[in-house]
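The values are calculated or read from the model by the stated rules, or taken from the named source; none is laboratory data. Here the structure is a predicted model, which means the values were calculated and not measured. Quick reminder, even Gly has a Cβ in these numbers, built from the backbone with ideal geometry, and neighbours come from all protein chains shown. For the accessible areas, the whole protein counts, side chains as well, though only heavy atoms, and no ligand, DNA or RNA atoms are used. Shrake-Rupley method; radii C 1.70, N 1.55, O 1.52, S 1.80 Å.
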Amino acid sequence: MSINLLRYSAASGTTGWGVVRDQRMVPLPGEYSTPAQVLQEGVEMARDLLRKSTDSGIELASVTALNPLPGARVNCQGTNYREHMAETGVDSAQTFNLFFTKSTGSLTGACDDIVTPPHVQLLDYEIELGIVVGKAITEPVTVTAENLDDYVGAFVVANDVSARDVQLSQGQYYKGKSYRTFCPVGPYLCVPGPGEVHRWTDLLLSLAVNGETRQTALAGDMIFTPAETLTEFSQLEDFAVGDLLLTGTPGGVAIRPPRRSVQRLAGLLPEAKKWALFNRMQARNPAYLAPGDVVTASIRTDDGVLDLGTQSNTVR
C-alpha cells in the first residue's frame with residue numbers, strides 16, 4: 001500500500017515530516033535533514049506508524065506543506081506527449097528524447113506563490129509527473145519495467161512554470177524555466193507500495209487555472225517511459241537519492257505557435273524584430289498566467305491507490 005509523506009510547518013513554527021492518514025497527519029519521530037534520509041530511513045517508520053499507532057495525528061488543514069525536495073537537482077524531459085508536440089509546433093516525426101535541467105532554486109512548495117519576474121510577460125504552466133529517485137545512479141544503468149521500482153523512491157506533483165518570452169526568444173530553456181518559485185512540488189512524496197510502481201501509467205494529471213481545466217491526460221500517454229528515460233539519462237548524469245526527474249507535460253499549455261504563413265513571413269525579419277513580433281502576438285493570448293490567478297494541479301489514479309495530492313499556487 002502506498003504512503004504519502006509530507007514535509008510541513010506547524011503554527012508553532014516547528015517543521016518536520018509526517019505520514020498522511022485520511023485528512024490527518026501523524027508526525028514522524030526523529031529528524032530527517034534531507035529527502036534522501038526520509039526515503040531511506042523514514043518510510044518503514046511511517047508504515048509502522050500507520051499499522052500500529054493509535055495516534056490520530058493532527059488535521060492537515062492546521063499545517064502548511066513545505067517543499068519536500070529542498071536541494072534536489074532537477075532533470076527534465078520535454079515534448080514527451082504527442083498532444084503537446086502538436087500544440088507547440090514540434091515536428092511529430094521527432095524521435096529523440098529531449099533533455100534539459102531546471103535550477104534547484106526554482107523548487108517551491110505546493111501552496112507557495114509563483115512569483116513573476118518583472119520582465120516576464122508570457123508566464124506559462126506545465127503539470128508534470130515527477131519521479132523522485134530512490135536509488136543512486138553513478139554509472140550507465142539499464143532500467144526496465146521489471147526493476148523500475150528499484151529506482152523510484154516516490155512520485156510527486158510538479159509544475160514546470162515557464163517564461164516563454166525568455167525560453168524561446170532568448171533560446172534559454174534553463175533561464176526561462178529556472179526563476180525562483182518556477183517549480184512547485186508536492187504536497188506529498190507518494191511512496192508506492194510493493195507492486196504499485198507499474199501503476200504510473202494509470203496516473204491522471206490534471207491542471208486548472210481559476211477553476212478552468214486546462215490540462216488533463218494519463219501518464220501512460222508519455223512517448224518515452226520513465227524506465228527508458230532513466231536509462232538514457234544515466235549515460236549523461238549522476239542521480240542521488242532524492243533528485244527529481246520531470247517527465248514532460250501533456251497538451252493544454254498557454255503557448256500557441258503562429259500560423260505557418262506568419263512564421264514564413266517572420267523568418268524574413270531580423271532576429272530581434274521577429275521575436276519582438278512573436279512576443280506581441282503571444283501577449284494577446286489570455287491563457288497566459290497573470291497576477292491573481294490560482295493554479296491547481298493534482299495527480300492520482302482513479303481508484304485512489306496512488307494519490308499525490310493537490311497543489312494550489314497563486315501567481316503574483
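Tell me which residues, restricted to segment 147-192, are of a type in the set (Asp, Glu) and more than 17 Å from the chain's Cα centre (by Cα). Full working, then the answer.
Keep residues of segment 147-192 that are of a type in the set (Asp, Glu), which gives 149-150, 160, 165.
Within segment 147-192, 149, 150, 165 meet the criteria.
Is it true that residue 169 is modelled with pLDDT under 95, small (Gly, Ala, Ser) and open to solvent by less than 40 Å² (accessible area, probe 1.4 Å)? Against the criterion (modelled with pLDDT under 95, small (Gly, Ala, Ser) and open to solvent by less than 40 Å² (accessible area, probe 1.4 Å)), residue 169 qualifies.
For segment 189-207, what are the residues that are in a strand (DSSP E or B), open to solvent by less than 50 Å² (accessible area, probe 1.4 Å) and under 13 Å from residue 157 (Cβ atoms)?
Residues of segment 189-207 in a strand (DSSP E or B): 189-191, 204-207.
Now restrict to residues that are open to solvent by less than 50 Å² (accessible area, probe 1.4 Å): 189-191, 205-207.
Within segment 189-207, 189, 190, 205, 206, 207 qualify.
The residue of segment 114-134 that is surrounded by the most Cβ atoms within 10 Å (Cβ to Cβ), among those that are touching an Asp or Glu at 6+ places or on another chain (Cβ under 9 Å) and assigned to a loop (DSSP other than H, G, I, E, B), is 125. Does segment 77-97 contain at least one residue that is within 25 Å of residue 241 (Cβ to Cβ) and of a type in the set (A, V, I, L, M)? No, there is no match, as no residue in segment 77-97 is within 25 Å of residue 241 (Cβ to Cβ) and of a type in the set (A, V, I, L, M).
Scanning segment 215-248 for residues that are part of a strand (DSSP E or B) and crowded, with 19+ Cβ neighbours inside 10 Å yields 215, 217, 239, 244, 245, 246. Of all residues in segment 99-113, those satisfying the criterion of being farther than 12 Å from residue 75 by Cβ and either surrounded by 17 or more Cβ atoms within 10 Å (Cβ to Cβ) or in contact with a strand residue (DSSP E or B) (Cβ under 7 Å, 6 or more places away or on another chain) (or both) are 106, 107, 108, 109, 110, 111, 112, 113.
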